[in-house]
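Only one structure is covered here, and it is reproduced in the block below.
The values are calculated or read from the model by the stated rules, or taken from the named source; none is laboratory data. Worth saying up front: this structure is predicted, and the values here are computed from it rather than measured. For neighbour counting, all protein chains shown are included, and Cβ atoms are generated from backbone atoms with ideal geometry for every residue, glycine included.
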Amino acid sequence: MPFVLPELPYPKDAFGDTISVETFQYHHGKHHKAYVDKTNQLAPEAGLGDARLSAVIRQARAGGNQPLFNNAAQLWNHSFYWQCLSPEQQQPEGRLKALVDEGFGGHEALLAALEKEAVGHFASGWAWLVLDGGRLKVTSLHDADSPVAHEGMQPLLTVDVWEHAYYVDYRNDRAGHVKALLANAINWDFVAQNLDGNGVSRADQG
Ligand SMILES: [Fe+2]
């Protein structure tokens with residue numbers, strides 16, 4: 001069954017100036033959709049027409065099929081990313097708050113670490129908050145690379161630092177975009193859900 005472009009879990013105008021309607025029209029409607037279409041073209045050619053998305057990503061990596069890996073991983077990364085955003089102001093609570101306090105010394109310090117990673121990542125990629133050996137860790141992965149292809153890296157939260165995530169609203173100002181996103185638009189409830197280790201399944205399909 002072909003992969004589909006997941007619906008956004010909020011209206012395109014829910015984020016005001018932080019993320020504009022036009023950004024969603026391009027980022028979700030054009031960029032993400034292109035990864036869906038290309039994966040649907042390349043996966044059957046690789047004999048993976050019936051595989052789940054996570055399996056396509058892992059097998060493309062194992063088999064050195066870089067075009068399929070790039071498109072399938074970007075399909076999954078974006079499907080996860082939309083769920084990391086919420087127009088409702090939230091803060092980490094409960095077990096997540098405890099892990100944030102233990103690992104970073106507080107919410108503001110975690111935001112600072114995520115901002116530094118996202119802004120400092122050279123060229124295109126994704127900043128990640130992951131669960132690694134029971135502890136929170138901030139890291140980044142380059143281009144289309146994804147936690148799906150890294151055993152033991154359990155995804156909790158991601159920030160897209162490809163230029164296509166911010167060029168409409170922020171031109172070249174990646175730092176401005178990242179600061180606004182982290183301050184106003186993170187779905188900490190979703191991040192907390194992913195502490196169960198099933199984050200990969202929440203953006204999987206097929
Ligand atoms: Fe993107």
Lys137 modelled with pLDDT of 95 or more, within 22 Å of Ala14 (Cβ to Cβ) and among the charged types (D, E, K, R): no
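Counting just the residues of the range 179-191 that are hydrophobic (A, V, I, L, M, F, W, C) and more than 15 Å from the chain's Cα centre (by Cα), which one comes out farthest from Arg95 (Cα to Cα)?
Ala180
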Residue in the range 174-190 that is touching a strand residue (DSSP E or B) at 6+ places or on another chain (Cβ under 7 Å) and of a type outside the set (A, V, I, L, M) present: yes
Unique residue being of a type in the set (Asp, Glu), surrounded by 15 or more Cβ atoms within 10 Å (Cβ to Cβ) and more than 19 Å from Gln74 (Cβ to Cβ) when the list is Glu115, Glu151: Glu115
Selection status of Ala43, more than 18 Å from Arg202 (Cα to Cα) and either within 16 Å of the ligand (Cβ to nearest atom) or in contact with an Asp or Glu (Cβ under 8 Å, 6 or more places away or on another chain) (or both): no
